[in-house]
Amino acid sequence: MTGVTSIDRAFQAATARLKAATRIMALTGAGVSAESGVPTFRGPEGLWRQFRAEDLATPEAFERDPRLVWEWYASRRERLAPLLPNRAHAALAALEGRVPGFLLATQNVDGLHAAAGSRALVELHGSLWRLRCVGECGQAREDRRVPLPELPPRCACGGLLRPDVVWFGESLDAGAVSRAFGAAESAEVVLVIGTSSLVFPAAALPQAARARGAFVVEVNPEKTPLSALADVSLRGRAAELLPALLEAAA
Ligand code: OAD
């Protein structure tokens, strides 16, 4: 007995790779915000009234009943407005400051990475805090008002406003996808934190990086489809594990 567990070895392997790397990419999902109080999509709290996210976050649902879709988004905005970034968000913002080739790609629309100070940031699925006109003008702008004065909100041009997030059946912003895949193609280490790794194209980012020889580190309390492919799967909560890992690698 050496007293060194496989968990210690996995942690040390990840630390060594992170320490040596000059190009790191991080991919986050709802789990990184769990300790801030944001509900995950697929957990027990993933239901709103009798609806699943998949039934409301679609262009068809918005066309059919924009008010119902907006009531859901308004309730999410109200729930998220007072929440603060946690130690995992802060650790990623600090990592950006010390690694020259760093990019954080997030699937989250909660704005907490930006609130923590991350700037090398791609919000793959958009932001709850930006509204986009579906009418003539098509303009998108930040709007943090909670509550919104009317549901559904309207643009100055008269068109309906929608949340500037990616819905099921829609394509992601091409520029955001290309930035994220560019980083995945050059990263030496890819950190994958708090995502079920079920939704594409985000789930393809660590796969593409791993296929090219990048070292993939997963941080998640549960096993996911990525776990078998990752070089290291650290089981635990992002707000505890990630600061410890990144401090050890500093
Ligand atoms: P999910 O809700 O699918 O998965 C959340 C993941 O976080 C799970 O794997 C949990 O085990 C993990 N988790 C829970 N608590 C955690 C903690 N404290 N620390 C670390 N991990 C934790 O959320 P996403 O993978 O983000 O897309 O979902 C991806 C996309 O599916 C979302 O962006 C959204 C949704 O449909 C769109 O809306 C387009």
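Observations on the model:
- Rounded to the nearest whole angstrom, the semi-axes of the ellipsoid equivalent to the chain, taken from the Cα gyration tensor as √(5λ), stand at 34, 18, 16, largest first.
- The amide H of residue 101, built 1.01 Å from its N in the peptide plane, has 24 as neighbours under 5 Å, considering only residues 5 or more places off or on other chains.
- Equivalent ellipsoid semi-axes, the stretch 122-215, via Cα gyration tensor eigenvalues times 5, rooted, Å: 34, 13, 11
- Cβ crowding within 10 Å averaged over residues, with 109-119, 9-19 ranked highest first: 109-119, 9-19
- Report summary: the helix-based calculation at 222 nm, which adds -39500 (n - 2.57) for every DSSP H run with n ≥ 4 and divides by the residues of the chain, gives -10500 deg cm²/dmol.
- Relative to the Cα centre, the charge distribution of the stretch 1-134, modelled as +1 at Lys and Arg Cβ and -1 at Asp and Glu Cβ, gives a dipole magnitude of about 460 debye.
- Largest first, the extents of the alpha carbon coordinates of the stretch 18-109 on the three principal axes equal 51, 25, 21 Å.
- Rounded to 5, percent antiparallel among DSSP beta bridges of the chain: 35 percent
- Along the stretch 52-66 the Karplus relation, 6.51 cos²θ - 1.76 cosθ + 1.60 evaluated at θ = phi - 60°, assigns HN-Hα couplings of 9, 3, 4, 8, 10, 8, 9, x, 5, 4, 5, 5, 5, 8, x Hz to successive residues, with x for each Gly and Pro.
- Value of D in µm² per second that Stokes-Einstein yields for the stretch 149-201, Kirkwood Rh from Cα pairs, at 20 °C (1.002 mPa s): 148 µm²/s
- In the stretch 193-243, the C-alpha radius of gyration followed by the widest Cα-Cα span (Dmax) gives 10.5, 30 angstrom.
- Carbon + sulfur, % of accessible area of the chain - ligands and nucleic acids excluded, 1.4 Å: 52 percent
- Spin-label model distance (nm) - residue 12 vs residue 52, 7 Å beyond Cα toward Cβ: 4.4 nm
- Amide hydrogen proximity for residue 130: with H placed 1.01 Å from N in the peptide plane, the residues at 5 or more positions away or on another chain lying under 5 Å are 143, 164.
- Applying both filters, DSSP loop and at most 16 other Cβ atoms within 10 Å, to the chymotrypsin sites (Phe, Trp or Tyr not before Pro) of the stretch 160-231 gives 168.
- Per residue, the chain exposes an accessible area of 48 Å² to a 1.4 Å probe, with every protein chain left in place.
The values are calculated or read from the model by the stated rules, or taken from the named source; none is laboratory data. Predicted, not measured: the structure shown is a model, and the values here were computed from it. All Cβ positions, glycine included, derive from the backbone under ideal geometry; neighbour counts span all protein chains shown. Each accessible area value is taken on the protein alone, full model and side chains, heavy atoms only, with ligands, DNA and RNA left out. Shrake-Rupley method; radii C 1.70, N 1.55, O 1.52, S 1.80 Å.
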